[in-house]
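Structure record follows, encoded as structure tokens.
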Amino acid sequence: MGLALAVILTGGHILTLSPSSPVVSTVAIENERIVYVGDQLAAAHKAIRGQATVLDLRGRTVIPGFNDAHLHFALATTLGSDDSIEINQEASEKWRQAVRQAANRMVPNSSGWLFVQSRRLPPGISTAKDLDFIARPLFVVTAHGGLCNHAAVKQAFSSAEAPEGFVQGGLLAFAFERIFSHLPETCKQTQAALFLKRLAEVGITSAQSMGDQAALFEPLRRSGKLTARLRFVPFGRQFDTLFGFSDFQAEAPLWLRAAGIKYFHDDAARLARFELGRIFDALTERKNAPDQMVVHILSRRALSTFLDALERAARKQPTLPSLVRLEHLDEATQVEADRLARLHIPVCTNPAMIPEWNLKTAFPLRTLADAGVALCFGSDWVGRHQPERPLQPLWSIARAIEHVPEAVTALEALTAYTVGSAAAEGLAAEKGSLEVGKLGDLLVLSEDFTVTRAPEKTAVLATFVGGRLVHLASALGRDKFWQALLETR
């Protein structure tokens, strides 16, 4: 596969997100890194050692590539796939009939599993044997946990992990990870390629996925087919262990790595106080401990109890708060926001989820930002989902800027999705803004939505990762120079 070693984009409206040069007209990239940012085309040529492809932006807008700080690749491949269906029939026989019909509709090249989402289990269905009327592996998910039939238990779990077929709600995320690991290899490879294609199309040049599927993408990286920078965050709680670290060895960590450890601490899956203490101790005392504890928190009560425990532990281990990042935070008052700012704890929040909550006070973006909390944005994408929870960053930004009274500005939202997300994964020196020495990950947009305040009407025309063109929209595909560059990738 050929690669363009150097490219110059000029004649545009380039938002660098760098305080020293916030808007320029020209940027040059060579060997994955930005070598020039400014307004002089001649200087851009001089900064490049060899030949460069010059692309005329014709006034179009350029921004750093989006970094989705929280999504779920494995969950999207299972529960959010075409093999998943929502059934909310209350009567047992009607529920069974709907499950049978769903199983009969499954296409031959599917995962082989059937995933059913229901508000609750109907009467008469409480153990694995009650689901054995379906021969293929079946996993039913409710608000209280998951229930497998015996075919599913045999394929993915031990009897101790899923007694009578039941998986506790706090372990559901890892249960889907276990299921994913048992899917056919061709299915996983197909989903990996589709995932990368989706990321490029919506302008995501970096993604942080909850789970540990890095090894699946390593062959793609080695063959030059990895078109986004991926970080995977393994789950800490893995059935009978509290410290489920990844054994993936990253050869090129700026492209693909497993880093950090993920826990759940909310009203549905609360870590006990003694477990928090053990985790805090491990983060600061264990050899080869993860560099970050990523914690799922929704309710205000869960946030308060976690901060209480963290502050107590920090008296003995002052560096501990610097290892913590919090996810979601649908509830937080000024009091909690001030505590977070004082502890310098970044928050990954999810504007894409605002319509689901349908509360003006949910996801308090403005409160957190005004308190000085470092924000990053993620979609919490899980594939197909009702209500809609799209992967597109521009859709999320639209929700963030209209979320009155907790709205942020378009520029603040863009910064959270780029600079903020890079900082939250410890790579602020490598990406997030367009500056000399940083990675050449950027997007060409149809307009500057920070001015028009119309992110949903803004199109991603081109996506570059390390100076390599990985997506080209039809509007630019008619230009022979852009098309030629895409064909060399």
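The values are calculated or read from the model by the stated rules, or taken from the named source; none is laboratory data. Every value quoted in this text rests on a predicted model; they were computed, and no experiment measured them. Neighbour counts run over all protein chains shown; Cβ positions are idealised from the backbone, glycine included. Just so you know, the surface numbers come from the protein's heavy atoms only, side chains and all, with ligands and any DNA or RNA stripped out. Shrake-Rupley method; radii C 1.70, N 1.55, O 1.52, S 1.80 Å.
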**Item:** Extreme residue, surrounded by the fewest Cβ atoms within 10 Å (Cβ to Cβ), among residues of the stretch 410-461 that are basic (Lys, Arg) and under 18 Å from Glu30 (Cα atoms)
**Value:** Lys438
**Request:** Scan the stretch 55-66 and give yes if some residue there is open to solvent by 30 Å² or more (accessible area, probe 1.4 Å), touching a strand residue (DSSP E or B) at 6+ places or on another chain (Cβ under 7 Å) and in a loop (DSSP other than H, G, I, E, B), otherwise no.
**Result:** yes
**Asked** When only residues in the stretch 26-41 that are within 13 Å of Leu434 (Cβ to Cβ) and touching a residue at least 24 places away in the same chain (Cβ under 8 Å) count, which is surrounded by the fewest Cβ atoms within 10 Å (Cβ to Cβ)?
**Response** Arg33
**Prompt:** Among the helices (runs of 4 or more DSSP H) contained in the stretch 333-442, which hold 3 or more residues that are touching a residue at least 60 places away in the same chain (Cβ under 8 Å) and within 22 Å of Pro321 (Cβ to Cβ)?
**Reply:** 421-424
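Residues are listed down the side, and each one gets a yes or a no for (1) open to solvent by less than 40 Å² (accessible area, probe 1.4 Å); (2) closer than 30 Å to Ala459 by Cα; (3) without any contact (Cβ under 8 Å) to a residue 60 or more places away in the chain; (4) part of a strand (DSSP E or B):
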position: Leu172; (1), (2), (3), (4): yes, no, yes, no
position: Ala175; (1), (2), (3), (4): yes, no, yes, no
position: Gln191; (1), (2), (3), (4): no, yes, no, no
position: Thr227; (1), (2), (3), (4): yes, yes, no, no
position: Gly244; (1), (2), (3), (4): yes, no, no, no
position: Glu251; (1), (2), (3), (4): no, no, yes, no
**Failed criterion for Ala44 (all others in (1) crowded, with 17+ Cβ neighbours inside 10 Å; (2) in contact (Cβ under 8 Å) with a residue 60 or more places away in the chain hold)** = (2)
**Sole exception among (1) buried (at least 19 other Cβ atoms within 10 Å of the Cβ); (2) more than 27 Å from the chain's Cα centre (by Cα); (3) over 30 Å from Leu220 (Cβ atoms) for Pro137, by number** = (3)
**Request:** Examine the stretch 407-417 for a residue that is within 17 Å of Gly59 (Cβ to Cβ), out of contact with any Pro (no Cβ under 6 Å at 6 or more places or on another chain) and at pLDDT 95 or above, and state whether such a residue exists.
**Result:** no
